[in-house]
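Notes to accompany the following structure.
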Amino acid sequence: MAVRSLRIGLIPGDGIGREVIPAGRKILEALPPSLGLNFSFVDLDAGFECFKRTGAALPQKTIDTLKQECDGALFGAVSSPTTKVAGYSSPIVAMRKSLSLYANVRPCKTVLSPAFPSPTKSPIDLVIVRENTEDLYVKEEKTYADPSDPTGKHQIAEAIKRISSKASWRIADIAGQIALRRARMRQAGGKGEARQGMVTITHKSNVLSQSDGLFRATAREALSQPRFNSLKIEEQIVDSMVYKLFLQPEYYDVIVAPNLYGDLLSDGSAALVGSLGLVPSANVGEGIIIGEPCHGSAPDIEGKGIANPIATIRSVGVMLEFMDLPEAAEVIYKAVDANLAEGRLVTPDLGGTATTEQVTDDVIKRL
């Protein structure tokens, strides 16, 4: 059997990122030899601590190494300051731009467990696909004096919201691909065979007729391609989407949205499955995939050894899935689901007492 060698960048970042990214590495190293995968690793730097130490939140060396050496990467967390710090900006936003990581893919799934109740009545299994490169996150802002105020005391702040047909088409297209793959996996697994793949386009074109209007029209066009004929295509105004997502989350399959709405919906959906510590994501580009747990740097538990590693471990699975290694991803997903279903070893955010290391070791035993 031929062995496939893959090089993975490890970017712990700040806070508990330095505790959960090593767990992700352990999972990759523990995958069954029968999968035919061999991993090597390179440690890379980024984050607020890196900025305070070096003056750069995202060193050029990190970008160059990711571009030139890595097949994939794992990114931990960032401790962004709540007030403006001269010269500092989010390294993950910069990384997405530098590497053209155009899609943030965030699965949200509940696992029924006797140890902790599900926040919702019915199981959830959905994916939010967030456009990653534009919208208000282009970060083009300015503040100026209100010209109607003769005192000069009042100010006006403006931010550019940029939506392009190219980015909108690309994100809708990958959302359609994900919906098709999920439908095939349900059929292959004998679970919910009758459920049709579905993509829900989220926007606010009733108010923002040009920017969100362009996103809506382009996404509709992209998803009208013949290869997506088997999918059901719906759309929701974003405020209605929030209401319905919380009211009936089990209804949804794949939700595609511009950057800001996708950001908000992603964190909201995490609440529906019990904890940000469970929710993975992947930043998907044409040259590299970066797995990223959805939680923050959690300074309140930093160094205590109790951070939930499940979001990182699931992010390893999502990374592998987009690296066209679905068998390896499925091995990880099943091991995580088995850990959660038993509920014996879970971290304090889920009501347990287990440590990061204990949960990681338990998942490894189940691989």
Conditions (1) surrounded by 12 or more Cβ atoms within 10 Å (Cβ to Cβ); (2) at pLDDT below 90; (3) over 17 Å from the mean Cα position of the chain (by Cα); (4) among the hydrophobic types (A, V, I, L, M, F, W, C): number failed by Ala86: (1)
Kindly indicate which of Ala188, Ala183 is surrounded by fewer than 13 Cβ atoms within 10 Å (Cβ to Cβ), farther than 21 Å from Glu131 by Cα, small (Gly, Ala, Ser) and modelled with pLDDT under 95. Ala188
Where residues in the range 127-155 are among the hydrophobic types (A, V, I, L, M, F, W, C) and modelled with pLDDT of 95 or more, which of them is farthest from Leu247 (Cα to Cα)? Val129
Do we find a residue being free of Cβ contacts under 8 Å to residues at least 60 places away in the same chain, aliphatic (A, V, I, L, M) and in a loop (DSSP other than H, G, I, E, B) anywhere in the range 131-150? no
Criterion violated by Ala94 - all others in (1) in contact with a Phe, Trp or Tyr (Cβ under 9 Å, 6 or more places away or on another chain); (2) of a type in the set (A, V, I, L, M, F, W, C); (3) at pLDDT below 95 satisfied: (1)
State which residue pairs qualify: first residue within 10 Å of Val316 (Cβ to Cβ) and in the same structural domain as Gly47 (by TED's automatic domain parsing) and inside the range 1-30, second residue basic (Lys, Arg) and in a helix (DSSP H, G or I) in any location, beta carbons under 8 Å apart, and separation of 6 or more residues or different chains. Ile8/Arg25
Could you go through the range 337-349 and let me know if any residue there is crowded, with 20+ Cβ neighbours inside 10 Å and either part of a helix (DSSP H, G or I) or without any contact (Cβ under 8 Å) to a residue 12 or more places away in the chain (or both). yes
For Ala183, are the conditions met, namely being small (Gly, Ala, Ser) and out of contact with any helix residue (DSSP H, G or I) (no Cβ under 7 Å at 6 or more places or on another chain)? yes
Residue list for the range 68-83, filter: touching a helix residue (DSSP H, G or I) at 6+ places or on another chain (Cβ under 8 Å) and surrounded by fewer than 14 Cβ atoms within 10 Å (Cβ to Cβ): Pro81
State yes or no: is Gly305 touching a helix residue (DSSP H, G or I) at 6+ places or on another chain (Cβ under 8 Å) and either surrounded by fewer than 18 Cβ atoms within 10 Å (Cβ to Cβ) or outside any helix (DSSP H, G or I) (or both)? yes
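The values are calculated or read from the model by the stated rules, or taken from the named source; none is laboratory data. Because the structure is predicted, anything quoted here is derived from the model rather than measured. Note: ideal-geometry Cβ built from the backbone for every residue, glycine included; neighbour counts use all protein chains shown.
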